1. Per-residue counts of other Cβ atoms within 10 Å, averaged by peptide: what ranking do you get for 125-138, 108-121, highest first?
2. With all protein chains present, how much of the accessible area of segment 52-153 (probe radius 1.4 Å) comes from carbon and sulfur, to the nearest whole percent?
Amino acid sequence: GGCIPVRPRRRHSGSAPSSYGLQSRSSLETDSMTRGLRATGRDLSTTLSVLSRSILNFDVRWPPVTFLNQMERFKREDQMPEARLARARRQALFGTHPYANAVTVADMKKISAVDVHDWLASVERPENAELVIVGDFDPSGAFQLAEEAFWDWDGGPAPPVSLSAPAAVSQVALRGSRLIVGHAPSLSQARVEM
(Lines give C-alpha, C1' and ligand atoms only; values in the text may rest on other atoms or scores of the structure.)
Protein backbone atom coordinates (compact mmCIF):
# COMPACT_ATOMS: atom_id res chain seq x y z
CA GLY A 1 0.00 0.00 0.00
CA GLY A 2 0.83 3.63 -0.20
CA CYS A 3 -0.74 6.97 0.48
CA ILE A 4 -3.20 8.69 -1.77
CA PRO A 5 -2.22 12.35 -1.81
CA VAL A 6 -4.95 14.72 -0.79
CA ARG A 7 -4.44 18.47 -0.99
CA PRO A 8 -5.01 19.34 2.68
CA ARG A 9 -5.80 22.99 2.16
CA ARG A 10 -9.11 22.05 0.57
CA ARG A 11 -12.25 20.59 2.11
CA HIS A 12 -14.38 18.50 -0.21
CA SER A 13 -18.04 17.87 0.43
CA GLY A 14 -21.06 16.91 -1.54
CA SER A 15 -24.56 15.61 -1.29
CA ALA A 16 -26.52 13.11 -3.31
CA PRO A 17 -30.15 13.19 -4.38
CA SER A 18 -32.72 11.71 -2.05
CA SER A 19 -32.76 7.91 -1.85
CA TYR A 20 -35.52 6.11 0.04
CA GLY A 21 -36.56 9.54 1.31
CA LEU A 22 -33.09 10.04 2.84
CA GLN A 23 -30.75 12.94 2.20
CA SER A 24 -27.13 11.85 1.83
CA ARG A 25 -24.11 14.02 2.55
CA SER A 26 -20.39 13.29 2.66
CA SER A 27 -17.31 15.35 3.38
CA LEU A 28 -13.59 14.69 3.12
CA GLU A 29 -11.12 16.64 5.22
CA THR A 30 -7.40 16.28 5.87
CA ASP A 31 -7.72 13.39 8.32
CA SER A 32 -11.37 12.38 8.39
CA MET A 33 -14.26 11.38 6.17
CA THR A 34 -17.89 11.71 7.19
CA ARG A 35 -20.91 10.10 5.55
CA GLY A 36 -24.30 11.13 6.80
CA LEU A 37 -27.91 10.32 6.12
CA ARG A 38 -30.83 12.44 7.23
CA ALA A 39 -34.33 10.96 7.40
CA THR A 40 -37.52 12.89 7.97
CA GLY A 41 -39.43 9.83 9.19
CA ARG A 42 -38.81 7.32 11.95
CA ASP A 43 -37.56 4.39 9.84
CA LEU A 44 -34.14 3.97 11.47
CA SER A 45 -33.78 0.47 10.02
CA THR A 46 -33.87 1.74 6.42
CA THR A 47 -31.56 4.64 7.25
CA LEU A 48 -28.94 2.32 8.76
CA SER A 49 -29.34 -0.18 5.92
CA VAL A 50 -28.71 2.48 3.25
CA LEU A 51 -25.72 3.85 5.22
CA SER A 52 -24.28 0.33 5.51
CA ARG A 53 -24.67 -0.31 1.77
CA SER A 54 -22.99 3.01 0.93
CA ILE A 55 -19.95 1.96 2.96
CA LEU A 56 -19.74 -1.70 1.96
CA ASN A 57 -20.47 -1.28 -1.76
CA PHE A 58 -18.54 1.77 -2.82
CA ASP A 59 -17.60 2.13 -6.47
CA VAL A 60 -14.55 4.13 -7.51
CA ARG A 61 -14.79 6.23 -10.64
CA TRP A 62 -11.33 7.72 -11.07
CA PRO A 63 -10.43 10.28 -12.07
CA PRO A 64 -13.60 12.29 -11.59
CA VAL A 65 -14.34 14.90 -14.25
CA THR A 66 -14.28 17.73 -11.69
CA PHE A 67 -10.76 16.66 -10.66
CA LEU A 68 -9.54 16.67 -14.27
CA ASN A 69 -11.07 20.11 -14.76
CA GLN A 70 -9.00 21.42 -11.83
CA MET A 71 -5.64 20.01 -13.04
CA GLU A 72 -4.55 23.11 -14.97
CA ARG A 73 -5.30 25.32 -11.98
CA PHE A 74 -3.37 22.96 -9.66
CA LYS A 75 -0.46 23.02 -12.12
CA ARG A 76 -0.36 26.84 -12.02
CA GLU A 77 -0.57 26.78 -8.20
CA ASP A 78 2.38 24.35 -8.05
CA GLN A 79 4.53 26.93 -9.83
CA MET A 80 3.61 29.84 -7.54
CA PRO A 81 6.50 31.14 -5.42
CA GLU A 82 4.70 30.29 -2.17
CA ALA A 83 4.19 26.64 -3.22
CA ARG A 84 7.81 26.30 -4.40
CA LEU A 85 9.00 27.81 -1.11
CA ALA A 86 6.83 25.40 0.90
CA ARG A 87 8.33 22.42 -0.97
CA ALA A 88 11.88 23.68 -0.42
CA ARG A 89 11.18 24.28 3.28
CA ARG A 90 9.83 20.74 3.77
CA GLN A 91 12.79 19.28 1.90
CA ALA A 92 15.25 21.23 4.06
CA LEU A 93 13.53 20.23 7.29
CA PHE A 94 12.73 16.57 6.59
CA GLY A 95 15.36 15.56 4.02
CA THR A 96 14.52 12.20 2.46
CA HIS A 97 11.76 11.31 4.94
CA PRO A 98 8.24 10.96 3.45
CA TYR A 99 7.18 14.04 5.45
CA ALA A 100 9.21 16.05 2.94
CA ASN A 101 6.97 14.94 0.08
CA ALA A 102 4.74 17.58 -1.40
CA VAL A 103 2.05 16.49 -3.80
CA THR A 104 2.28 17.91 -7.29
CA VAL A 105 0.07 17.55 -10.35
CA ALA A 106 2.55 15.02 -11.76
CA ASP A 107 2.05 12.89 -8.61
CA MET A 108 -1.73 13.16 -8.91
CA LYS A 109 -1.70 12.00 -12.52
CA LYS A 110 -0.02 8.75 -11.43
CA ILE A 111 -2.96 7.76 -9.19
CA SER A 112 -5.15 4.95 -10.54
CA ALA A 113 -8.62 3.75 -9.58
CA VAL A 114 -6.99 0.72 -7.93
CA ASP A 115 -4.86 3.05 -5.75
CA VAL A 116 -7.98 4.94 -4.66
CA HIS A 117 -9.90 1.73 -3.95
CA ASP A 118 -7.03 0.27 -1.90
CA TRP A 119 -6.64 3.49 0.09
CA LEU A 120 -10.35 3.68 0.85
CA ALA A 121 -10.35 0.02 1.94
CA SER A 122 -7.47 0.72 4.34
CA VAL A 123 -9.21 3.77 5.84
CA GLU A 124 -12.90 2.81 5.84
CA ARG A 125 -12.56 0.11 8.46
CA PRO A 126 -14.80 -0.74 11.41
CA GLU A 127 -12.13 0.20 13.95
CA ASN A 128 -11.86 3.68 12.40
CA ALA A 129 -15.61 4.31 12.38
CA GLU A 130 -17.96 5.99 14.79
CA LEU A 131 -21.73 5.75 14.39
CA VAL A 132 -23.77 8.68 15.68
CA ILE A 133 -27.58 8.49 15.67
CA VAL A 134 -29.58 11.59 16.49
CA GLY A 135 -33.32 11.62 16.95
CA ASP A 136 -36.27 10.35 18.96
CA PHE A 137 -35.73 6.59 19.27
CA ASP A 138 -35.29 3.77 21.77
CA PRO A 139 -31.50 3.45 22.41
CA SER A 140 -31.50 -0.34 22.89
CA GLY A 141 -33.58 -0.83 19.73
CA ALA A 142 -31.28 1.50 17.80
CA PHE A 143 -28.23 -0.44 18.97
CA GLN A 144 -29.80 -3.71 17.79
CA LEU A 145 -30.68 -2.18 14.39
CA ALA A 146 -27.10 -0.90 14.02
CA GLU A 147 -25.71 -4.37 14.76
CA GLU A 148 -28.02 -5.90 12.16
CA ALA A 149 -27.08 -3.29 9.53
CA PHE A 150 -23.31 -3.55 10.05
CA TRP A 151 -22.88 -7.19 11.21
CA ASP A 152 -20.92 -8.21 8.10
CA TRP A 153 -18.63 -5.17 7.90
CA ASP A 154 -15.21 -6.75 8.19
CA GLY A 155 -12.21 -4.70 7.25
CA GLY A 156 -9.96 -7.76 7.11
CA PRO A 157 -6.50 -7.65 8.65
CA ALA A 158 -5.28 -4.18 9.55
CA PRO A 159 -2.74 -2.80 7.06
CA PRO A 160 0.77 -2.52 8.47
CA VAL A 161 2.08 0.92 9.33
CA SER A 162 5.62 1.35 8.07
CA LEU A 163 6.35 5.05 8.40
CA SER A 164 9.38 5.78 10.55
CA ALA A 165 9.72 8.94 12.61
CA PRO A 166 11.51 11.84 10.95
CA ALA A 167 15.01 12.75 12.04
CA ALA A 168 15.14 14.90 15.15
CA VAL A 169 15.45 18.60 14.45
CA SER A 170 18.83 18.56 16.23
CA GLN A 171 20.06 15.96 13.72
CA VAL A 172 18.75 18.05 10.84
CA ALA A 173 20.60 21.05 12.32
CA LEU A 174 23.88 19.08 12.19
CA ARG A 175 23.69 19.21 8.40
CA GLY A 176 24.28 22.95 8.64
CA SER A 177 22.22 26.10 8.52
CA ARG A 178 20.04 26.65 5.50
CA LEU A 179 18.50 29.84 4.31
CA ILE A 180 15.53 29.45 2.01
CA VAL A 181 14.48 32.65 0.32
CA GLY A 182 10.99 33.08 -1.04
CA HIS A 183 10.52 36.27 -3.04
CA ALA A 184 7.32 38.14 -2.18
CA PRO A 185 7.99 41.79 -3.08
CA SER A 186 4.55 43.06 -2.06
CA LEU A 187 4.81 41.74 1.51
CA SER A 188 6.66 43.25 4.46
CA GLN A 189 6.40 40.56 7.10
CA ALA A 190 8.36 37.72 8.64
CA ARG A 191 7.10 34.32 9.69
CA VAL A 192 8.51 31.35 11.56
CA GLU A 193 6.83 27.99 11.12
CA MET A 194 7.26 24.92 13.33
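The values are calculated or read from the model by the stated rules, or taken from the named source; none is laboratory data. Bear in mind that the values here come from a model prediction, so they are computed numbers and not experimental data. Quick reminder, even Gly has a Cβ in these numbers, built from the backbone with ideal geometry, and neighbours come from all protein chains shown. Protein only, heavy atoms only, side chains kept; ligands, DNA and RNA dropped before computing areas. Shrake-Rupley method; radii C 1.70, N 1.55, O 1.52, S 1.80 Å.
1. 108-121, 125-138
2. 56
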